[in-house]
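Contents: one structure, followed by commentary.
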C-alpha cells in the first residue's frame with residue numbers, strides 16, 4: 001500500500017497535489033510519502049511481534065537523512081555497507097549498538113570508525129577480513145563483535161545481479177569454510193563471536209528460499225555449539241523481500257515472518273532483519289516532465305527530462321516501473337519508449353509501454369522508485385542530481401536540494417602546469 005492516489009484525475013501524495021510540488025521545485029525530483037514510510041515500518045515490526053528481533057533498515061536502499069531520521073526515531077536499527085552510511089546513520093540518530101556493518105570490502109579507516117563508534121557487530125565476508133578486524137581492534141584497545149556471513153547456496157530466484165546466496169556469488173563463505181572461520185575467530189583475543197549472518201538476495205517474491213536458508217543457518221548454529229561451545233546470540237537473516245512493481249506477487253509480511261518464526265521457536269537467539277526495498281520502494285516516485293514526442297520509423301519515443309543517471313534500474317536490471325500521468329485526461333493511448341536526454345541508447349525508463357498520449361510539458365510519475373533510485377544516481381553527462389521532497393499530510397519539504405552547475409565542479413582544481 002502507498003499514499004499516491006488520484007483525486008479528480010490529479011495525482012496526490014497524501015494531501016498534496018504532485019503538480020503543485022512540481023511547479024514549486026521543478027523537475028525531475030524524487031517524492032516520498034511520510035505516511036507510507038511510517039506504515040511500512042510499523043507493519044514490518046508487527047509481523048515479528050512475539051519474537052526477540054531487531055529490524056535494521058538497509059541504508060543502501062535510500063540514505064536520505066530525513067528517511068533515516070524517521071526510522072531511527074521509530075526504534076529501527078541500521079544495516080550499513082560503508083563508512084559513509086555509518087556517518088549518515090550517526091547523523092540521523094541511530095544508536096551505535098543498533099548498527100550492523102555488512103559488505104565485502106571494508107577499508108581500514110571504515111573498520112576503525114565502526115570500532116570507535118561501538119557498533120553492534122560486523123558481518124564478516126572472509127578470513128582475511130576477520131584477521132584484519134582483530135588487528136585493528138587490538139590497536140584501538142577494543143573488542144570487535146562479529147558474525148560470519150554464510151553462503152547457503154540457496155537460489156533466491158531473482159535477477160542475477162541481486163542474487164547473493166549462491167556458490168558463484170562474491171558474498172559470504174560456504175558452510176565448511178565458515179566452521180573453520182569460527183574456529184579461528186573463537187581464539188582471537190580481540191574478537192567476540194556473537195552471530196551468524198546470511199543474506200541470499202534482493203527482490204525475492206517467494207517465502208521458500210528464506211525457509212531453506214534458515215534451515216542451513218540453524219544447522220550451523222547447532223554444530224558451532226556442539227563442536228566448539230560457541231553460543232550464538234544473533235541470527236542475521238538479511239533482507240530481500242520483494243515488492244510489487246508490476247505483476248509480482250510477493251508473500252505478505254505475515255507469510256514472510258512465518259518462514260522464520262516456526263524455526264526459531266526453540267532457539268534462544270535474537271533475529272536481525274535488514275529490510276530495505278520493502279520499506280521504501282513503494283513510498284517514493286520520480287516525477288519527470290515530457291520534453292518532446294518523436295516518431296521513429298519503427299517506434300514512438302516520449303522524451304522526458306529524467307534519464308538513466310537519475311534512475312538506473314531500468315537500464316541496469318531491465319527493471320519495470322509503472323509510469324502514470326500526473327494529470328489524467330480522457331485521451332487515446334500509444335505504445336512508446338520513454339527515454340531520457342542521456343547520450344546512450346540504454347537511456348530509457350520504459351520500453352514498448354502502452355501509455356496515455358502526452359505532449360510537451362505534461363508530467364509523468366515513475367512509480368515505486370523509493371528504493372535504489374536517488375542513491376544510484378550520478379552526474380553522468382554533467383547533469384546535476386535531482387531534488388528530493390518529503391510530504392507529510394498537507395505539507396511538503398525539500399529534503400535534498402537540487403544540485404547546481406557549481407556543485408558539479410566543487411572540489412576540482414586546475415594544476416599550475418596547465419598554465420605553462
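Computed quantities for the displayed model
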quantity: Unmet criterion (only one of (1) in contact with a helix residue (DSSP H, G or I) (Cβ under 9 Å, 6 or more places away or on another chain); (2) surrounded by fewer than 24 Cβ atoms within 10 Å (Cβ to Cβ)) for residue 268; calculated: (1)
quantity: Sole residue being under 18 Å from the mean Cα position of the chain (by Cα), assigned to a strand (DSSP E or B), outside the structural domain of residue 372 (by TED's automatic domain parsing) and under 27 Å from residue 121 (Cβ atoms), chosen from 86, 78; calculated: 78
quantity: One residue from 109, 174, 97, 155 being modelled with pLDDT of 95 or more and either farther than 22 Å from residue 57 by Cβ or over 25 Å from the mean Cα position of the chain (by Cα) (or both); calculated: 109
quantity: Some residue of the stretch 371-387 being under 28 Å from the mean Cα position of the chain (by Cα) and surrounded by fewer than 11 Cβ atoms within 10 Å (Cβ to Cβ); calculated: yes
quantity: Any hit, the stretch 320-334, residues being loosely packed, with under 15 Cβ neighbours inside 10 Å and farther than 25 Å from residue 12 by Cα; calculated: no
quantity: Selection status of residue 228, modelled with pLDDT of 80 or more, closer than 22 Å to residue 100 by Cα, in contact with a helix residue (DSSP H, G or I) (Cβ under 8 Å, 6 or more places away or on another chain) and outside the structural domain of residue 369 (by TED's automatic domain parsing); calculated: no
quantity: Criterion (part of a helix (DSSP H, G or I) and surrounded by fewer than 22 Cβ atoms within 10 Å (Cβ to Cβ)) met by exactly one of 54, 37, 41, 70; calculated: 70
quantity: Enumeration of residues in the stretch 89-106 that are in contact with a helix residue (DSSP H, G or I) (Cβ under 7 Å, 6 or more places away or on another chain) and either assigned to a loop (DSSP other than H, G, I, E, B) or not assigned by TED's automatic domain parsing to the domain that holds residue 129 (or both); calculated: 93, 94, 106
quantity: Qualifying positions in the stretch 243-255 - touching a residue at least 60 places away in the same chain (Cβ under 8 Å) and under 15 Å from residue 43 (Cα atoms); calculated: 243, 253, 254
quantity: For residue 17: the one exception among (1) over 21 Å from residue 121 (Cα atoms); (2) crowded, with 22+ Cβ neighbours inside 10 Å; (3) touching a strand residue (DSSP E or B) at 6+ places or on another chain (Cβ under 7 Å); calculated: (2)
quantity: Out of 279, 253, sole residue that is in contact with a helix residue (DSSP H, G or I) (Cβ under 6 Å, 6 or more places away or on another chain) and crowded, with 24+ Cβ neighbours inside 10 Å; calculated: 279
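Condition check ((1) at pLDDT 95 or above; (2) at negative phi; (3) outside the structural domain of residue 402 (by TED's automatic domain parsing)) across all residues:
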| residue | (1), (2), (3) |
| --- | --- |
| 295 | no, yes, no |
| 306 | yes, yes, no |
| 313 | yes, yes, no |
| 318 | no, no, no |
| 323 | yes, yes, no |
| 330 | no, yes, no |
| 335 | yes, yes, no |
| 345 | no, yes, no |
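The values are calculated or read from the model by the stated rules, or taken from the named source; none is laboratory data. The structure displayed is predicted, hence computed values, not measured ones. Glycine also receives a Cβ, built like all others from the backbone with ideal geometry; neighbour counts cover every protein chain displayed.
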